[in-house]
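The values are calculated or read from the model by the stated rules, or taken from the named source; none is laboratory data. Bear in mind that the values here come from a model prediction, so they are computed numbers and not experimental data. Note that each Cβ is placed from the backbone with ideal geometry, even for glycine, and that neighbours are counted across all protein chains shown. Areas reflect the complete protein model, heavy atoms only, side chains present, ligands, DNA and RNA absent. Shrake-Rupley method; radii C 1.70, N 1.55, O 1.52, S 1.80 Å.
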Amino acid sequence: MTIRVAQWATGAVGRAALRELIENPDFQLVGVLVYDPEKDGLDAGALCGLPPTTGVRATTDKDAILASGAQLVVHAASKAHAVETNAEDICRLLAAGIDVISTTSYNHLPTYGASTEAAFADACRTGSTRFHAAGENPGFMFERLVATVTGLSKTIDRIDLYEATDVSSVDSRPMLIDLMGMGRPAADVSVDSPIIKKLDMAYRQALNATADVLGVELTHIDVAVDCTTLPYPIEVKAGVIEAGT
């Protein structure tokens, strides 16, 4: 039996998910939510590099997704935008009886606080639904992959995780510049900057979730930022990253 699904947001992550939902016969695509008015009305296939023949048109109307008959929503809204794109929408979907898989950093709800955790749980109870947070980091690299590897050790003195990411192919300026800080003055990328505060929640979740898996109680989390600037401009998919940024 095919699962009726809707794709929520079609950025870099959402496009990859949308392509799978179209091509995989286990799924029946019934809706696509977009934030960009220029995408409104486009065929779902055109949004992810496939032929525009799905018959499913993108919409900016969230109510249309709720009314689409979807059993499951794949939620990939970005945290890079100022608009609230996450918890409130997810809880509304869950309470309406729609299961949600989200790639947006909600992998350890207790990190957000008791009220947010309770809101998700209440929404699931109301709609008799399930919520799953997926993602590379947070969601996999530390709390699943590294935690699993510790099973090879009899004793553990310390764990170091280093993440290196090539973001040159990211075509979203809100993601690359507004969230990650590329192309920004060095003064904008500090412990106290909004950019770091957004990223902090993601990594804080990974730390707390891993501590839960390992049965470790964290005493504190230290945050430090070492920002390096470019001596020359480079051209990436999202535009030009100027020298000195």
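Packing-based ranking of 137-148, 49-60 yields 137-148, 49-60, ordered from highest to lowest mean Cβ neighbour count within 10 Å. Within the set (i) 1, 6, 10, 11, 11, 11, 11, 12, 11, 9, 5, 3, 1, 0, 0; (ii) 1, 7, 15, 19, 21, 18, 12, 6, 1, 0, 0; (iii) 1, 6, 11, 15, 16, 16, 14, 11, 7, 3, 1, 0, the number that P(r) over Cα pairs in 5 Å bins from 0, in percent takes when calculated for this structure is listed as (iii). When the range 88-245 is described by a simple charge dipole with +1 on each Lys and Arg Cβ and -1 on each Asp and Glu Cβ, the residue from 209, 142, 91 located farthest towards its positive end is 91.
Proximity of backbone amide H atoms, modeled 1.01 Å from N, is registered between residue 27 and 3 at under 5 Å, excluding neighbours fewer than 5 places apart on the same chain. Between 18, 230, 179, the residue with the greatest mean-square fluctuation in the GNM of the chain (Cα pairs under 10 Å linked by springs) is 230.
Within the full protein context, the accessible area of residue 220 is estimated at about 120 Å² for a probe radius of 1.4 Å.
Surface composition of the range 39-198: carbon and sulfur make up 54 percent of the accessible area, probe 1.4 Å. Kindly provide the helix-only [θ] at 222 nm of the chain, computed as the sum of -39,500 (n - 2.57) over DSSP H runs of four or more divided by all residues, to the nearest 500 deg cm²/dmol? It lands at -8000 deg cm²/dmol.
Checking understanding here: applying a Kyte-Doolittle mean of at least 0.5 and a length along the axis of at least 24 Å (C-alpha), which whole DSSP H helices in the chain pass? In the chain, no H run is both long and hydrophobic enough. Accessible area per residue for the chain, computed on protein heavy atoms with a 1.4 Å probe, is 57 Å².
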